[in-house]
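Asks: I have a structure here, written as structure tokens, and I will follow up with some questions on it.
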Amino acid sequence: MATANPAVHAWGGAPRVNLMPRAETERRERAVLARRWIGALVAALLLVATASGLAFALQIFAAQRLVVEQARTTSLLGQLAELGDVRQALDLEADLQTFRADAMATDLRWSPLIATVQQQLPGGVSITGFSLAPGPAPQGDDPTAKEGVSGTLTLSSATPTEIVPIVRALRPLPGVLEADGWQSTAEQDSYSYEIRIALDQSVYTGAYAKEEAE
């Protein structure tokens, strides 16, 4: 049974009476609430759909970038493979240069060395033989600090010659660390002398070491 709400009196107007049943009022309120919930649900669905679309688009973009980068990597690997032979040749050249530098570290020119010694000998005395051997490879920055070449020189003359002046003439030579008379031998027509001599590492040419440094 419908009930009427109390009359509302307004000053200077006619009284108003709400004759709508309470059930109808509640139905309308439920309808408004339902429309609000439906609107909120639709908005949530639209938001989810938008986020899913963006995620899908990002996934497609990432997949495309991955394909491009994989193709680039494959291309670079192919180029590196083509340069493998060149790299091996360069490594082999470097190894050979290092080996040559180590093997030829004690390289020296015998002819200029013997000629320099010959110039210091007295007249009538000549070098007829030598037994010289290079020493260790150069180490450090001062080539005059260590022994480089050592051994004996065989000298001969047609007349007797004192060995002491010969030794004194050799000691001032550049690079000479030590020079001493060892023995002398008199034969029928000549006289021979054995001189022990040691030179520092400045007599090394250093040619291959310079090439290695370059």
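The values are calculated or read from the model by the stated rules, or taken from the named source; none is laboratory data. Everything quoted here is computed from the prediction, not taken from an experiment. Positions of Cβ are generated from backbone atoms using ideal geometry, with glycine treated the same way; all protein chains shown enter the neighbour counts. For the accessible areas, the whole protein counts, side chains as well, though only heavy atoms, and no ligand, DNA or RNA atoms are used. Shrake-Rupley method; radii C 1.70, N 1.55, O 1.52, S 1.80 Å.
Asks: Taking region 104-119 as the region of interest, how many residues are touching a residue at least 24 places away in the same chain (Cβ under 8 Å) and either open to solvent by less than 80 Å² (accessible area, probe 1.4 Å) or in a strand (DSSP E or B) (or both)?
Replies: Result for region 104-119: 8.
Asks: Got a sec? Which of Thr128, Thr161 is touching a residue at least 40 places away in the same chain (Cβ under 8 Å), over 30 Å from Arg100 (Cβ atoms) and over 50 Å from the mean Cα position of the chain (by Cα)?
Replies: Selected residue: Thr128, the only one of Thr128, Thr161 that is touching a residue at least 40 places away in the same chain (Cβ under 8 Å), over 30 Å from Arg100 (Cβ atoms) and over 50 Å from the mean Cα position of the chain (by Cα).
Asks: Then there's this: What's the total number of residues in region 132-189 that are assigned to a helix (DSSP H, G or I) and of a type in the set (Lys, Arg)?
Replies: 1
Asks: I've got another one for you. Report, by residue number, each residue of region 61-99 that is free of Cβ contacts under 8 Å to residues at least 60 places away in the same chain and among the polar types (S, T, N, Q).
Replies: Gln64, Gln70, Thr73, Thr74, Ser75, Gln79, Gln88
Quick grid of which residues meet (1) in contact with a Ser or Thr (Cβ under 9 Å, 6 or more places away or on another chain); (2) hydrophobic (A, V, I, L, M, F, W, C); (3) modelled with pLDDT under 70; (4) surrounded by fewer than 10 Cβ atoms within 10 Å (Cβ to Cβ):
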residue	(1), (2), (3), (4)
Pro6	no, no, yes, yes
Ala10	no, yes, yes, yes
Pro15	no, no, yes, yes
Met20	no, yes, no, no
Arg27	no, no, no, no
Ala34	no, yes, no, no
Gly39	no, no, no, no
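Asks: In region 136-179, how many residues are modelled with pLDDT of 85 or more and of a type in the set (Lys, Arg)?
Replies: The number of residues fulfilling the criteria is 2.
Asks: Further question: Which one is farthest from Gln139 (Cα to Cα) among residues in region 190-209 that are in a loop (DSSP other than H, G, I, E, B) and within 53 Å of the chain's Cα centre (by Cα)?
Replies: My answer is Thr205.
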